[in-house]
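Report on one structure; see the data block that follows.
Coordinate-derived values only; no laboratory data. Predicted model only: the values in this text are computed from it and were never measured. Positions of Cβ are generated from backbone atoms using ideal geometry, with glycine treated the same way; all protein chains shown enter the neighbour counts.
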Amino acid sequence: MTMALPHSRTRELPLGRRIVERPEVGAAIGVIVLWVFFAIIGGSDGFLTTRGIASYLNIAAQVGIVGTTVTLLLIAGEFDLSIGSMVGFSGMIIALGTTQAGMPLWLALLCALAFAVLYGYAVGMLVVRWNIPSFIVTLAGLFLLRGATIGFSRSIAQQPYIGGVKNAIGTDPLQYLFAGKLWESLDVGFLWWIGLVIVGAIVLTKTKFGNWIFAVGGSPSAARASGIPVARVKIILFIAVSVSGVLLAAIQVLSLGSADSFRGQGKEFEAAITAVIGGTSLSGGTGSIIGTAIGALTLGIVRQGLFFAGVDYDWYQAILGLLLLLAVIINQFARRNVSKS
C-alpha cells in the first residue's frame, strides 16, 4: 500500500516562478532593450548593417571566450583576476616564438598552451592546497604575467610591440583556424565562442562534473563530505580559464599579425561582468553559461552601439559599471521575491 503525498509536495512550480528563477532571464530582457535602443539611435549610421552586426558579434565572441570558462570558475566559488594578463603573455609567446625564435606556428601555440596549463595548475594548487584565496593568488598573477610580458618583449625585441607575425608564418594553414573569416566581416572566433558556449552549457547542465561544480560552489565542505573531489574540480577549472586565454591570444595575434604587451588588459573584469550580467553569483553555486553568452553579447552591443550612435567611447566603462550594478540589483530582487513566494 502506498501513501499519497500531499498536494503541496507534488504540485509543479508556476510557470512564472520557473521563468523568474532562470538566472539568464534578466540578461535576455536587458540585451533586447539595449539592441532596440541602439537600433533606433544608430540604425541609420550602420548599426543594422551586416558589417555593424558582425562588429558587435566579434567583440562579444572575444569576451565570451574567456567569459565562458570564468563563469564555470565563479560558479565553483573561485575567481581569476589574471586572465587578461594571460592573454597578453601567451600572445607574446606566440609572437616571439614565430618571429624571434623561428618556431613553426604549431610549436609556438603548443608552448603557449603548455605554459597556460602549468600556470593554471600552479594557481589551483596554491588555492586548494595552501588555502590562499584565489583573489590574492590571481591578483599576484595579474601583475606577474603583465610585468613578465613587458620585460620579455623589451629584453628580446627592445619594444613592447611585436609585429611581423604574418610574414613569419607565411601561408601556414593553421592560422586560418584562428584568424579566418566565416562570412564577410564575421571572424572565425565567433565559431569558437559558440562552440565553447555549447560545450560549457552541456558540461554544466548535463554531466556529473557540472553537478560537482554547483556543489563545490554551494558548499565545499558539504561537497567534500559527499565524496566530490573538490580540489580536482577547482584545479581543472583554473586550467580551463588559462587555456581559454591562450585561445583568445591566438585569435588576436593571428588576426592582427602582432602581439602587444598590454593586450588583454581589462578582460578579467569584462569576463566577470558578462557572468554577473548573465545571472552568475560571485559567491558561487549559481550561474548560467547561456546567461554569460547573453552578457557578452550585451557588452558587444553597447561598445559598438556607442560607436554607431556617435557617443564618445570614454563613456563605455561608465556604462559597464552601471550595467554591472543593475544586474546585481535585478538578480538580488528576483531571488528575494522567489524565496518569499
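Please compute the length gained on full extension between S226 and I319, using 0.36 nm multiplied by the number of residues separating them and subtracting their Cα-Cα distance. Provide the component values of the computation, followed by the final result.
Working: separation 93, 0.36 × 93 = 33.48 nm, distance 4.27 nm.
Working it through step by step, the gained length comes to 29.2 nm.
Would you please put 155-161, 68-74 in order of how densely packed they are, using the mean number of other Cβ atoms within 10 angstrom per residue and starting with the highest? Mind dumping the intermediate values first?
Numbers: 155-161: 12.7, 68-74: 29.0.
Highest to lowest by the protection proxy: 68-74, 155-161.
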Let me see the P(r) profile for segment 182-290: every Cα-Cα distance counted, bins of 5 Å, each bin given as a percent of all pairs. 2, 10, 16, 22, 19, 13, 9, 6, 2, 1, 0
Tell me the Rg and the Dmax, in Å, that the Cα atoms of segment 48-333 produce. 18.7, 56
Tell me which residues come under 5 Å, amide H to amide H, from G278 once H is placed; ignore anything under 5 positions away on its chain. G295
Ranking L186, I150, T205 by how far each Cα lies towards the positive end of the charge dipole of segment 48-333 (+1 on Lys and Arg Cβ, -1 on Asp and Glu Cβ), the top one is T205
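Sort out the exposed loop trypsin sites (Lys or Arg not before Pro) in the chain (DSSP loop, at most 11 other Cβ within 10 Å) and tell me the longest stretch that has none.
On the way: sites that count: R11, R129.
Within the chain, the longest run free of exposed trypsin sites (Lys or Arg not before Pro) spans 130-341.
Could you work out the relative contact order of segment 48-333, using alpha carbon pairs under 8 angstrom and six or more residues apart, expressed as a whole percent? Walk me through the intermediate numbers first.
Values: 498 pairs, mean separation 105.3, N = 286.
Relative contact order, segment 48-333: 37 percent.
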Taking Cα atoms, how many degrees apart are the long axis of helix 316-340 and the longest axis of the chain, rounded to 10 and kept between 0 and 90? 20 degrees
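For the chain, what is the mean residue ellipticity at 222 nm derived from helices alone (per DSSP H run of n ≥ 4: -39500 (n - 2.57); sum divided by total residues; nearest 500 deg cm²/dmol)? Numbers along the way, then the final one.
Details: 16 runs with 247 residues, N = 341.
One gets -24000 deg cm²/dmol as the mean residue ellipticity at 222 nm.
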